[in-house]
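Engineer: Dropping the structure in here first, questions after.
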Amino acid sequence: MIKRLANRLLRWYLHPDFYPDISGDLEELYLRNRAASPVVADWKYMLQVIVLFRPSLMRTFFKNSIIKDTGMLRNYFKIGVRSLLKQKAFTFINVMGLAVGLAAFLLIQQYVKFEESYDRHFADADQLYRLTTDQVVDSVLGTRDAMSFAPSGKALVEEVPEIIDATTTYQFGGLIFRKGESFVTEERVIAVDEHFLNLFTYEVLSGNTASLLSEPNSLVLSESKARFYFESQDPVGKTIYLQDFEKDFKVAGVIADPGQNTHYKFDILMAISTIKERLDQEAWNGYNY
């Protein structure tokens, strides 16, 4: 069966002038191999037929076949090169135009790819939603804000079965931390609850994942901020003094730096239970969360 298929393939592509000699040689080799093993002989025959599939031995499938007539291609190539060298200014303009066009295309492609990757690196990213607020007064849309009320998440989880989990965050305008004898203003500090790292799956590099952000006055640092404040030391269990709160905060863990392709950027996470009084006071009175 295999030999029959190989013969049909050979007869199909091989030039008639070469077929008698080549097929005779292959038959001799086949009979010699068959004495040792018929199955091996069949497969060797097929392999030899495939190896002979080359332009120099092929029949002409089409008139003026470009597959076989490589001389025509060489001639076209020579004429093209001579024309380019003869008209240097024209060649330069065209080549530069092509290069600039390709460079612009690649840059735009990279930019679009980066923009489309925003917040797609989280697990179940297609199931994450941000609650916003539309303030309607007398049937007229007034304020539209990308924030909501502090109790909103808890209320939705309790009342809407389709919602699996929720996290509440609060963004500070800037907090003053002490590093050694000097003070540093950190602009990207957000208070988050213990559910934050369940929804936003940042890699935890150090600390107990189960208890992160569960205690008041605790912090989770990004990897770069951990190096900034503690250099090569493990910061877990150590403290940082916050001027705004006039107390030391305990470092509970370290997570990988948030990438640039996320809309909610931060350097330090604070347990939101630290500002529980503010949450209770504002409750449904202000959408700052």
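Engineer: I'd like the residue in segment 125-136 that is open to solvent by less than 100 Å² (accessible area, probe 1.4 Å) and in a loop (DSSP other than H, G, I, E, B) and, out of all such residues, is farthest from LEU199 (Cα to Cα).
Structural biologist: THR132
Engineer: Would segment 172-187 turn up any residue that is out of contact with any Cys (no Cβ under 8 Å at 6 or more places or on another chain) and assigned to a helix (DSSP H, G or I)? Outline the logic, then answer.
Structural biologist: In the first step, residues of segment 172-187 are kept if they are out of contact with any Cys (no Cβ under 8 Å at 6 or more places or on another chain); the result is 172-187.
Checking the rest, the ones that are also assigned to a helix (DSSP H, G or I) come to none.
Scanning segment 172-187, I find no residue that is out of contact with any Cys (no Cβ under 8 Å at 6 or more places or on another chain) and assigned to a helix (DSSP H, G or I), so the answer is no.
Engineer: Still on this model: Mind checking whether some residue in segment 260-272 is at negative phi, surrounded by 15 or more Cβ atoms within 10 Å (Cβ to Cβ) and free of Cβ contacts under 8 Å to residues at least 60 places away in the same chain?
Structural biologist: So far as segment 260-272 goes, no, none of its residues is at negative phi, surrounded by 15 or more Cβ atoms within 10 Å (Cβ to Cβ) and free of Cβ contacts under 8 Å to residues at least 60 places away in the same chain.
Engineer: Follow-up question, since we're still on this one. Determine the pairs where a residue that is within 20 Å of LYS247 (Cα to Cα), located within segment 155-179, has a partner that is β-branched (Val, Ile, Thr) and open to solvent by less than 100 Å² (accessible area, probe 1.4 Å) with Cβ atoms under 6 Å apart, the partner being 6 or more residues away or on another chain.
Structural biologist: Hits for this filter: GLN171/ILE190; PHE172/VAL189; GLY174/THR185; LEU175/VAL189; ILE176/THR185; PHE177/VAL184; PHE177/ILE240.
Engineer: Okay, next question. Which residue, of PHE245, PHE149, PHE183, is over 20 Å from ALA123 (Cβ atoms), aromatic (Phe, Trp, Tyr) and open to solvent by 60 Å² or more (accessible area, probe 1.4 Å)? Before you say what the answer is, go through the steps one by one.
Structural biologist: On the way: PHE245 fails: open to solvent by 60 Å² or more (accessible area, probe 1.4 Å); PHE149 fails: open to solvent by 60 Å² or more (accessible area, probe 1.4 Å).
Just one listed residue meets the conditions, PHE183.
Engineer: I would also like to ask the following. In segment 179-197, which residues are at pLDDT 90 or above and not charged (D, E, K, R)?
Structural biologist: SER182, PHE183, VAL184, THR185, VAL189, ILE190, ALA191, VAL192, HIS195, PHE196, LEU197, listed by residue number.
Engineer: From (1) open to solvent by 80 Å² or more (accessible area, probe 1.4 Å); (2) under 27 Å from the mean Cα position of the chain (by Cα); (3) closer than 30 Å to ASP126 by Cα; (4) not hydrophobic (A, V, I, L, M, F, W, C), pick out the condition that doesn't hold for ASN208.
Structural biologist: Failed condition: (2).
Engineer: Identify all residues within segment 79-124 that are surrounded by 10 or more Cβ atoms within 10 Å (Cβ to Cβ) and either of a type in the set (Ser, Thr, Tyr) or not in a helix (DSSP H, G or I) (or both); write none if there are none.
Structural biologist: SER83, GLN87, THR91, TYR111, SER117, TYR118, ASP119, ARG120, HIS121, PHE122, ALA123
Engineer: Across segment 10-44, which residue is modelled with the lowest pLDDT among those that are within 23 Å of ARG59 (Cβ to Cβ) and of a type in the set (Ser, Thr, Tyr)?
Structural biologist: So, considering only residues that are within 23 Å of ARG59 (Cβ to Cβ) and of a type in the set (Ser, Thr, Tyr), the one modelled with the lowest pLDDT is TYR13.
Engineer: Among the residues of segment 213-237, write down those that are open to solvent by 70 Å² or more (accessible area, probe 1.4 Å) and out of contact with any Asp or Glu (no Cβ under 7 Å at 6 or more places or on another chain). Let's see the steps before the verdict.
Structural biologist: Looking only at segment 213-237, we keep the residues that are open to solvent by 70 Å² or more (accessible area, probe 1.4 Å), and these are 215-216, 223, 227-228, 231-234.
Of everything in segment 213-237, those that are open to solvent by 70 Å² or more (accessible area, probe 1.4 Å) and out of contact with any Asp or Glu (no Cβ under 7 Å at 6 or more places or on another chain) turn out to be GLU215, PRO216, ARG227, PHE228, GLU231, SER232, GLN233, ASP234.
Engineer: Which numbered condition trips up TYR287, out of (1) in a helix (DSSP H, G or I); (2) surrounded by 13 or more Cβ atoms within 10 Å (Cβ to Cβ); (3) modelled with pLDDT under 90?
Structural biologist: Checking TYR287 against (1) in a helix (DSSP H, G or I); (2) surrounded by 13 or more Cβ atoms within 10 Å (Cβ to Cβ); (3) modelled with pLDDT under 90, the one that fails is (1).
The values are calculated or read from the model by the stated rules, or taken from the named source; none is laboratory data. All figures in this text were calculated on a predicted structure; none of them were measured in a lab. When we count neighbours, we look across all protein chains shown, and the Cβ atoms used for this are built from the backbone with ideal geometry, even at glycine. In case anyone asks, the SASA skips ligands and DNA or RNA and just uses the protein heavy atoms, side chains included. Shrake-Rupley method; radii C 1.70, N 1.55, O 1.52, S 1.80 Å.
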